[in-house]
Each structure stands twice: as C-alpha cells, then as structure tokens.
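Comments concern the structure below.
Read the figures in this text as sums done on the coordinates, not as results from a lab. Please read all numbers here as calculations on a predicted model, not as lab measurements. Here the Cβ is made from the backbone with ideal geometry for all residues, glycine too, and neighbour counts use every protein chain on show.
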Amino acid sequence: MRTDFPDKDLISPELRILMRSRHIYILFSALLHLGLGVYIQRHKQLWRQIVQFSGSFLLTISSGLLLRAFVFESYFTQHFSDLSRNGIYLSLAGSLLHFVCKPFFNRQL
C-alpha cells in the first residue's frame, strides 16, 4: 500500500476505514480457517461428511469473496459494495454448517 497510496494524509478518512476493515475481514477469514483446521475430524456418517464438505466449500468461497472485496473496494470503486457483505454471510453459513454436523454429546465418556 505504500507504493499505491504513498500520501496517506491525502486519502479521505472514509476510504482509510474501508481499507482497514477489509484487512480485518481477511484476518477474520484466516482465523476461521485456522480454528476449523484445529478442530475438524471427518465423521463416519455420510450426511455429516457432506455437511462438513459444504461448510468448508462455503468458507473457501467466502475467503475468495473477501479478498476480491478488498481489491475491488479499495482500488477500483473506493466505496462499499456487496462483495464483503456476501463474504461475511457465507462465512456465517459455512460456520453454521460445521456446527450442525458436530455431535453434541460425546457417548464415549
């Protein structure tokens, strides 16, 4: 960003907040993937495997949307668009799918 925006004082405060929030969204997505990677275990039931795969797919798509939103909103439009909103909603949907397929009671106690 130093090469693209060398004079940060000339950038409007709204654009600076927009850029910083998009960085936070990308960090949010990366932390979701790290947390998921620590906990995930393939289940033996087929429906749970399908739900896990669907949740992981949605989280991957949301990461791509959030990265695209950073580039598109910061450099091209310099304004808010629906890309980041859709990326956050897909992150929520993917996380909920992983939550749904997790068994709530551990019967091996």
Fill in: Three semi-axes of the equivalent ellipsoid, segment 39-81, Cα gyration tensor, whole Å, largest first
34, 8, 5
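How about segment 29-109: which trypsin sites (Lys or Arg not before Pro) there lie in a loop by DSSP and see at most 15 other Cβ atoms within 10 Å?
Filter output for segment 29-109: Arg42, Lys44, Arg107.
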Fill in: Whole-Å semi-axes of segment 30-109's equivalent ellipsoid (Cα gyration tensor)
32, 11, 9
